[in-house]
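S.K.: So that we are looking at the same thing, I have put the structure below in structure tokens.
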Amino acid sequence: MPVGLFTHPATWQHLGPAAHPERPARATAAVDGVEDSGLEVVRRVPDAVDLGLLGTVHDPGYIRDIAAFCDEGGGFLDPDTYAGPATWEAALRAAGAGVDAVRLLDEGFGGPAFCVVRPPGHHAEPDRAMGFCIFNNIAVAAHTLVERGRRVAIVDWDVHHGNGTQHRFYTDPRLLYVSLHQFPFYPGTGWEDETGAEAGEGFTVNVPLPSGSGGGDYREAFRRIVVPVLQEFGPEWILVSAGYDAHRTDPLASMRLDAEDYGAMAAALRLTVPPERVVFLFEGGYDLAAIRTSVAATLRGLAEGPSTGFLGGDASPEAAAMIERVVERQSRWWSVG
Ligand SMILES: [Zn+2]
């Protein structure tokens, strides 16, 4: 099976202070992981996103401000989030990558796509950069599908809650947003009772997990919640906010996933859609070795599909209690139990 690898040289030119964890070597590790997967790698260079399309997710004034800020040399947009002279190009290509990946797969490519992009996107709000993110790359790609009447699910397994993505689709029943994240933790959103609003009520599924959660906890959350809800929603496409900062060696967070757990989660997506309808967008992950092995395991897991007994695990009492609360909440809309 082929995998479309979307990267642009500007990805490596988005530069912050030397000690900043969100650094270009992360992208190299992710590319190495794609190469290690054993899939036939087809490299593509994403176009810069159309500014009108970007304007469906971000305020035009904010987009202009980012362009001017980068043009003037950049600096910090918030205490965590930097931009430099090359960031504008990198951010436009990052926001365009998912759009191009969806188009490639829609044309009959026959495999998944992995977008190795920087800056990441899932924290970016309509008018605000935050959490290393400037434009919400996955929301832009999802918007192009939703606009065409396609059913889309976003699965966000980055260790942080994707506040920007949730916000963008919070009242929209055409898109299902599912996030598993460490909680309480940055950015502070993602409570289990954040479930969507208005017409979108029930189409946001948050699974906040306690610090220290590992593979057994995530697999149990997939068995009880993620897989049943995905299957009932019935998306044609799944876009993944593929962060790798829930790995046990990640320096910024406190979860305990191993590379194989990412493979199991990716494999589980095949219970809902075929691999040629899955697009991964790189988000967080700050341990280079963990990124490489976990990206490779993700693609291998998706290619191989679920094996018997891979779902469900020995959840800790704390995680099991939280999973139970999410099940109770989501049972208002979905056949979970
Ligand atoms: Zn993260």
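The values are calculated or read from the model by the stated rules, or taken from the named source; none is laboratory data. Owing to the predicted nature of the structure, the values given are computational and were not obtained by experimental measurement. As a convention, Cβ positions derive from the backbone with ideal geometry for all residues, glycine included, and neighbour counts pool all protein chains shown. When the accessible area is computed, the model is the full protein with side chains, heavy atoms only, and any ligands, DNA or RNA have been set aside. Shrake-Rupley method; radii C 1.70, N 1.55, O 1.52, S 1.80 Å.
S.K.: Taking 7 Å along the Cα-to-C-beta vector as the label spot, tell me the E147-A18 distance in nanometres, rounded to one decimal.
M.R.: Going by the 7 Å Cα→Cβ label model, 4.4 nm.
S.K.: Compute log10 of I(q)/I(0) for the range 104-146 with the Debye formula, placing one identical point scatterer on every Cα and leaving out solvent, at q = 0.13, 0.19 Å⁻¹, to two decimals.
M.R.: Scattering profile of the range 104-146, log10 relative to I(0): -0.35, -0.65.
S.K.: Which values of log₁₀ I(q)/I(0), to two decimal places, follow from the Debye formula for the range 217-288 at q = 0.13, 0.14 Å⁻¹ with a uniform point scatterer at every Cα?
M.R.: -0.40, -0.46
S.K.: Right, next: Residues with beta-carbon under 14 Å from that of E318, excluding E318: net charge, scoring Lys, Arg +1 and Asp, Glu -1? Write down the numbers at each step before the final one.
M.R.: Details: positive: R256, R325; negative: E192, D217, E220, D314, E324.
Its environment carries a net charge of -3.
S.K.: What residues qualify as long-range amide H neighbours of V49, i.e. H under 5 Å apart, gap of 5 or more or another chain, H built at 1.01 Å from N?
M.R.: R93, A95, G96
S.K.: Compute the distribution of all C-alpha to C-alpha distances in the range 32-106, in bins of 5 Å from 0, and list the percent of pairs in each, rounded to whole numbers.
M.R.: Going from the shortest bin to the longest, the percentages are 3, 13, 19, 21, 16, 11, 10, 6, 1.
S.K.: Given a cut-off of under 8 Å on Cα pairs at least six residues apart, what relative contact order in percent is computed for the chain?
M.R.: Values: 833 pairs, mean separation 64.5, N = 337.
Computed over the chain, the figure is 19 percent.
S.K.: Would you compute, from DSSP H runs of 4+ residues alone, the mean residue ellipticity of the chain at 222 nm, taking -39500 (n - 2.57) per run and dividing by the full residue count, rounded to the nearest 500?
M.R.: Numbers: 11 runs with 122 residues, N = 337.
Computed mean residue ellipticity for the chain: -11000 deg cm²/dmol.
S.K.: Next up: What is the helix-to-structure angle for 24-36, meaning the angle in degrees between its Cα long axis and the longest Cα principal axis of the chain, kept from 0 to 90 and rounded to the nearest 10?
M.R.: Once rounded, one gets 50 degrees.
S.K.: Treating the angle as unsigned and between 0 and 90°, give the value, to the nearest 10°, between the Cα long axis of helix 87-106 and the longest Cα principal axis of the chain.
M.R.: Tilt relative to the chain: about 50 degrees.
S.K.: While we're on this one: Can you check how the C-alpha radius of gyration of the range 40-80 compares to 2.2 N^0.38 Å, as a plain ratio? Before the final figure, lay out the partial values.
M.R.: Details: Rg = 14.2 Å, N = 41, 2.2 N^0.38 = 9.0 Å.
Compared with the compact-globule rule of thumb, the range 40-80 sits at 1.57.
S.K.: Indicate the gyration tensor shape class of the range 225-337 (rounded, prolate or oblate), computed on the Cα atoms with a ≥ b ≥ c the square roots of the eigenvalues: a/c under 1.5 is rounded; otherwise a/b larger than b/c is prolate and the rest oblate. Don't skip to the end; give the middle numbers.
M.R.: On the way: a/c = 1.81, a/b = 1.19, b/c = 1.51.
It comes out oblate by the Cα gyration axes.
S.K.: In addition: Rounded to whole Å and sorted largest first, list the principal axis extents of the Cα atoms in the chain.
M.R.: Principal-axis extents of the Cα atoms in the chain, largest first: 54, 44, 40 Å.
S.K.: Along each of the three principal axes of the Cα atoms of the range 1-63, give the extent in whole Å, ordering the values from largest to smallest.
M.R.: Projected onto its principal axes, the Cα set of the range 1-63 covers 43, 34, 16 Å.
S.K.: Seen from all sides and averaged, what is the projected area of the convex hull of the Cα atoms in the range 117-183, in nm²? Could you put the intermediate results ahead of the total?
M.R.: Details: hull surface 17.9 nm².
Dividing the Cα hull surface by four gives the mean projection, 4.5 nm².
S.K.: Let me ask something additional. If a/c stays under 1.5 just call it rounded; otherwise compare a/b with b/c (prolate if a/b is bigger, oblate if not). Do that for the range 1-155, with a ≥ b ≥ c from the square roots of the Cα gyration tensor eigenvalues. Show your work: numbers first, answer last.
M.R.: On the way: a/c = 2.12, a/b = 1.27, b/c = 1.66.
Oblate is the answer for the range 1-155, as a/c is 1.5 or above yet b/c matches or exceeds a/b.
S.K.: Determine the dipole magnitude for the chain: charges of +1 sit on the beta-carbon of Lys and Arg, -1 on that of Asp and Glu, nothing else is charged, the reference point is the Cα centre, and the result goes in debye to the nearest 20.
M.R.: Working: 26 positive and 45 negative charges, 106 e Å.
Roughly 500 debye for the chain.
S.K.: To continue, here is another question. To test your reading of the geometry: what angle, between 0 and 90 degrees and rounded to tens, separates the Cα axis of helix 137-147 from the longest principal axis of the chain?
M.R.: In the chain, helix 137-147 runs at an angle near 70 degrees to the longest axis.
S.K.: Now, a different point. Could you compute Rg(Cα) / (2.2 N^0.38 Å) for the range 166-267, with N its residue count?
M.R.: For the range 166-267, the normalised Cα radius of gyration is 1.07.
S.K.: Dividing the alpha-carbon Rg of the range 193-250 by 2.2 N^0.38 Å yields what? List each step's numbers first, then the result.
M.R.: Working: Rg = 13.3 Å, N = 58, 2.2 N^0.38 = 10.3 Å.
Cα Rg divided by the expected 2.2 N^0.38 Å: 1.29.
S.K.: Considering only DSSP beta bridges whose two residues both sit in the chain, what percent are antiparallel, to the nearest 5?
M.R.: Numbers: 4 of 38 bridges.
Bridges in the chain are about 10 percent antiparallel.
S.K.: With the full set of protein chains in place, find how many percent of the accessible area of the range 196-289 is carbon and sulfur; take the probe as 1.4 Å.
M.R.: Looking at the range 196-289 in its full context, I get 44 percent from C and S.
S.K.: Which value, in Å², gives the accessible area per residue of the chain when a 1.4 Å probe is used on the protein heavy atoms?
M.R.: Working: 11810 Å² over 337 residues.
Per-residue accessible area for the chain comes out at 35 Å².
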